[in-house]
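The next block holds one structure in the form of C-alpha cells; read it before the comments.
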C-alpha cells in the first residue's frame, strides 16, 4: 500500500478526521481481477452444467432405446404364445 496523505505532526485533529490516506489503485486492481476470476468460474460452472445436462439427455435416450430393444423379443414371445394358445390345434 502506498501512503498518499498524512496529517503533519502537531496538527490539531478532531474525532472523525482522516489522518492518513492510501493509494487505492492496487486494491481496486486486485478487486477487479478477483471479480473477473469469480465471474469466469461462474461461466465455467454454467457451461459444465449445460454439458452435463446434454450428456444426461443422451444417456437417458440411449437407456430408453436399449430398454425398448430389450422389450421387443418379450413382446414377440408373448404375442406368439397368445397366438398359439388361441389357435385351435389339429389332432390326428
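The values are calculated or read from the model by the stated rules, or taken from the named source; none is laboratory data. Bear in mind that the values here come from a model prediction, so they are computed numbers and not experimental data. Virtual Cβ from ideal backbone geometry, glycine too; neighbours counted across all protein chains shown.
Brief remarks on what is shown
- Checked against (1) loosely packed, with under 10 Cβ neighbours inside 10 Å; (2) more than 41 Å from the chain's Cα centre (by Cα), residue 2 passes all but condition (2).
- Some residue of the stretch 16-39 being within 40 Å of the chain's Cα centre (by Cα) and at pLDDT below 85: no
- Scope the stretch 59-75; condition surrounded by fewer than 10 Cβ atoms within 10 Å (Cβ to Cβ) and at pLDDT 90 or above; matching residues: none
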